[in-house]
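The values are calculated or read from the model by the stated rules, or taken from the named source; none is laboratory data. Keep in mind it's a predicted model, so treat the numbers as computed, not measured. Methodologically, a virtual Cβ is constructed for each residue, glycine included, from the backbone with ideal geometry; neighbour enumeration extends over all protein chains shown.
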Amino acid sequence: MENKLVLYNTLTRKKEEFIPYNPPFVGIYVCGPTVYGDPHLGHARPAVTFDLLFRYLKSMGYKVRYVRNITDVGHLEHDADEGEDKIAKKARLEQLEPMEISHYYTERYHDAMKELGVLSPSIEPHASGHIIEQIAMVEQILEKGYAYISNGSVYFDVEKYNKDYHYGRLSGRNLDDTKDNSRALDGQDDKHNPYDFALWKKASPEHIMRWPSPWSDGFPGWHLECSVMSTKYLGEKFDIHGGGMDLMFPHHECEIAQNTAASGHDAARYWIHNNMITINGKKMGKSLGNFITLEELFNGTHELLEQAYSPMTIRFFVLQAQYRSTLDFSNEALQGAEKGFDRLMKAVEALDKIKTSDKSTVEVAELESRCAEAMNDDLNSPVVISILFDWVRTINQLHDGQQTITADDLATLKQTVHKWVFDILGLKNEKQDGNDNLVSPLVNMLLDIRSQAKSEKNWALSDEIRNKLTDIGIRVKDRKDGYDWEIE
């Protein structure tokens, strides 16, 4: 592991060399979805970002345990402490059991992630499956004196915690700012201070999702699940905690407070946050009418879309921006991503058609070193893509005979391109997946027949085959030493 990966640590606000606690083991925890609706464009970015990190760490030789949770209880409608549970509300409206809602949308999420080429995590725990552990952590925090019981609910005492530790280290806030920006909400009379947050909530009589506890029949606070599940599967100290920038406050800030109050120290060493996706410069939201589900993107059915976009186009679009920068969605941007992705896949296909020579005029080793240097600089995927496109030009020159390459160098080039394009960036050639695997051999068979017809000067048959292929969207390019073809 000679490569030195540098990551931007949100907690320290600087780039730091990544040094695992227990190499070669690496533990990653990422906040997954709240499963009460169809997966949308906003789900794509964190999924692809941390899939990229997962893939790259594995390529470096680390043994990675990647934990991504499913929030199926405790995420309330109005804020972290008040309102109706989002899944329970959906269940009530559709007259279903809450776990039916959770299971249905979890499966929808899995299907969308598979389409995007996102690998399954090592462990995918559900909040509802860890109620006992969450009750145990609440008891720990109470015992340490950083929480209080009020009318059957348990709240974290932010002010007391702040006297011993700094509440706001991750988001850069101080408690005075939090006090000034806090507002009293209905139903918060149980709290000592409006900025205190729930560890356990007593369930109202109509609340569907409830469990027995030492304090009341109720349910855990939203922030608690991640503190519990991350440390259960990765230990009290682990390497990386990730999620979207929108979770930094209050969710991740509260996680840090809970873990520190319970154990006396931080759990995660590196905090990594991906930035948001905007749509035509505006934040995505249902109220703005620019909320787009992944299914709508794949099918082109949303009113803001000019066409359908394939899952790999979406993944390529996400990877074209460094994960900490804002990514603005537009039809023009996605159309550009579609063309760029298609050009890259054609270059990968062209690798199999390059003829070798006894001399190389290209320096193949530089591709690996340049890509690794870019990725080691805080997962700079857009620079990796630009380097690959430098080589797209070189591959086309090799294919056209403008440059030469030895058999050994060509084998290395193929291996390196496949490693970065498919294994690390996680892209796949959609035209060669599934039933499309039949296309290449069938087209090649027809073009072999056409070549035989041309050699026999059977121009009518040669033209007919070419014209028929053109009619179905396959463009044929005659070459001195044979032919090429592509799907338009």
Quiz item: In the stretch 19-44, how many residues are surrounded by fewer than 21 Cβ atoms within 10 Å (Cβ to Cβ), touching a strand residue (DSSP E or B) at 6+ places or on another chain (Cβ under 6 Å) and hydrophobic (A, V, I, L, M, F, W, C)?
Solution: 1
Quiz item: Quick one: H166 ticks every box in (1) at pLDDT 95 or above; (2) assigned to a loop (DSSP other than H, G, I, E, B); (3) closer than 30 Å to H192 by Cβ bar one, so which box is it?
Solution: (1)
Practice problem: Check L442, L469, L438 and return the single one that is at pLDDT 85 or above and either assigned by TED's automatic domain parsing to the domain that holds K346 or within 20 Å of K346 (Cβ to Cβ) (or both). | Solution: L469
Self-check item: the stretch 27-39 residues that are in contact (Cβ under 8 Å) with a residue 40 or more places away in the chain, paired with ones that are assigned to a strand (DSSP E or B) and basic (K, R) (beta carbon under 7 Å, 6 or more apart)
Solution: G27/R65; V30/R68; G32/R68
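State yes or no: is L351 more than 18 Å from the chain's Cα centre (by Cα) and in a helix (DSSP H, G or I)?
Judged against the criteria, L351 is a match.
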Quiz item: Quick one: is I87 closer than 30 Å to E206 by Cβ, without any contact (Cβ under 8 Å) to a residue 24 or more places away in the chain and either outside the structural domain of L319 (by TED's automatic domain parsing) or part of a helix (DSSP H, G or I) (or both)?
Solution: no
Quiz item: Can you name the residue in the stretch 384-412 that is within 21 Å of D51 (Cβ to Cβ) and without any contact (Cβ under 8 Å) to a residue 24 or more places away in the chain and, of all such residues, is surrounded by the most Cβ atoms within 10 Å (Cβ to Cβ)?
Solution: I387
Quiz item: If you check every pair at least six apart or on different chains, which have Cβ atoms under 6 Å apart with a residue in the stretch 165-192 that is under 25 Å from N151 (Cα atoms) first and a residue that is loosely packed, with under 15 Cβ neighbours inside 10 Å and modelled with pLDDT of 65 or more second?
Solution: L185/E82; G187/E82; D190/N151
Practice problem: Go through the stretch 236-260 and give me each residue that's more than 21 Å from S325 (Cα to Cα) and touching a strand residue (DSSP E or B) at 6+ places or on another chain (Cβ under 6 Å). | Solution: F238, D239, C254
Exercise. Look at I123 and say whether it is outside the structural domain of P311 (by TED's automatic domain parsing) and over 30 Å from S204 (Cβ atoms).
Key: yes
Quiz prompt | Candidates I465, I405, I385, I395 - the one that is assigned to a helix (DSSP H, G or I), farther than 29 Å from L116 by Cβ and β-branched (V, I, T) | solution = I465
Quiz item: Is there any pair with a first residue in the stretch 1-21 that is on the phi > 0 side of the Ramachandran plot and assigned by TED's automatic domain parsing to the domain that holds E253 and a second that is assigned to a loop (DSSP other than H, G, I, E, B) and surrounded by fewer than 16 Cβ atoms within 10 Å (Cβ to Cβ) whose Cβ atoms are under 8 Å apart and which are 6 or more apart or on different chains, and what are they?
Solution: R13/G172
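Looking only at residues in the stretch 267-286 that are in contact with a Ser or Thr (Cβ under 9 Å, 6 or more places away or on another chain) and at pLDDT 95 or above, which one is surrounded by the most Cβ atoms within 10 Å (Cβ to Cβ)?
N274
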Exercise. Of all residues in the stretch 326-341, count the ones that are without any contact (Cβ under 8 Å) to a residue 40 or more places away in the chain and surrounded by fewer than 14 Cβ atoms within 10 Å (Cβ to Cβ).
Key: 3
Practice problem: Kindly check whether there is at least one residue in the stretch 411-430 that is at pLDDT below 95, in a helix (DSSP H, G or I) and either closer than 20 Å to T313 by Cα or within 36 Å of the chain's Cα centre (by Cα) (or both). | Solution: yes
